[in-house]
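The structure under discussion appears below in the form of structure tokens.
The values are calculated or read from the model by the stated rules, or taken from the named source; none is laboratory data. Every value quoted in this text rests on a predicted model; they were computed, and no experiment measured them. Every residue, glycine among them, receives a Cβ derived from its backbone with ideal geometry; neighbour counts consider all protein chains shown. Heavy atoms of the whole protein, side chains included, go into the accessibility calculation; ligands, DNA and RNA do not. Shrake-Rupley method; radii C 1.70, N 1.55, O 1.52, S 1.80 Å.
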Amino acid sequence: MGFSRRSLLKTTAASAVLGGLGAPLVARAAQQPEFSYKFANNLPDTHPLNVRAREMAAAIKTETNGRFELQIFPNNQLGADTDVLSQLRSGGVEFFTMSGLILAILVPAASINGMGFAFPDYPSVWKAMDGDLGAYVRKEIAKANIVAFEKIWDNGFRQTTTSTKPITGPADFKGFKIRVPVSPLWTSMFKAFEAAPASINFNEVYSALQTKIVEGQENPLALISTAKLYEVQKYCSLTNHMWDGYWFLANRRALDALPADVRAIVEKNVNAAALKARTDTEKLNATVREDLTAKGLAFNQPDLAPFRDKLRAAGFYSEWKRKYGDEAWSILEKSVGKLS
């Protein structure tokens, strides 16, 4: 009858081993990168950050001749932000992108880019974050044994949506019930406007707006779109009240373990990808605005100077100057002008 099943399996296994031995050594080496690092983030797979991250991973692999492989884990696959921050610090994850506003739980100075009405536009953001303010924050992050790469990634300006009236000036915030993230910076800013901020987790925002627990909320346009908040809001006021970005963070030991040439290729490609993603996000904001207008959201552009004046008069800037310290505050004001 020929071979038994057992001898057939033996023969197959032997030919597999022999086939492996006969394979060229170069090909086998190329399959096994010297360094395989994990990059975690909290954004959807389609977000500009992940689109550009896939490109940069491919470029790094090519330029290092396969020595370095970057595995990307989008959409909180490896856990919530605070969990992944712990994994990054312990070395379970080598790379992580995180908003400075959340990183502030570990590095208080990291939230300074979210200072209310500090940045009027993108050029002022990049002047600060690619300049002295960014350098100062990276130095503070380094004290926590984490390395922040030079270029911060864009998460966009935050805008205010409402179901009752457009926000045309600071007086419109008086008594206004607004959802804010669970964060002292937001709460203190809207209290300075005499609003009624409610700290609600994002997954409950839609129902809170629908049931009128709150009248409005604030977020970047892309999130207002993807979360379909236009279904329960009528107005969008382009308040640009906070700018937020993601630092590309590395575990220090993992980064130091890379040979100088590999590390240089990784850093070059990550920073270049950050710049490309900035352009993508800015373009996305313009198209999202058109989409939201088509879906019935009414946009208005208030003058932002009176909002700054109100925060100044309410002592908001003085309070945060004390919290951040004179050095950080003077670097911020050098970029954006006098606040406090």
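Numbers for the structure displayed
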item: Virtual spin-label span in nm between Q77 and A294, 7 Å along Cα→Cβ; result: 3.1
item: Volume per residue that the Cα convex hull of the range 30-130 spans, once the total is divided by residue count, Å³; result: 131
item: The range 40-198: relative contact order as a whole-number percent, Cα under 8 Å and 6+ apart; result: 14
item: Highest-fluctuation residue, A59, A274, A264 considered, GNM on the chain with Cα pairs under 10 Å; result: A264
item: Hull volume in cubic angstrom per residue (convex hull over the Cα atoms of the range 198-322); result: 177
item: Computed accessible area, V107, all protein chains, 1.4 angstrom probe, square angstrom; result: 10
item: Column: log10 I(q)/I(0), Debye, Cα scatterers of the range 107-202, q = 0.12, 0.14, 0.15, 0.21 Å⁻¹; result: -0.49, -0.65, -0.73, -1.12
item: For the chain, radius of gyration divided by Kirkwood radius, i.e. Rg to Rh on alpha-carbons; result: 1.10
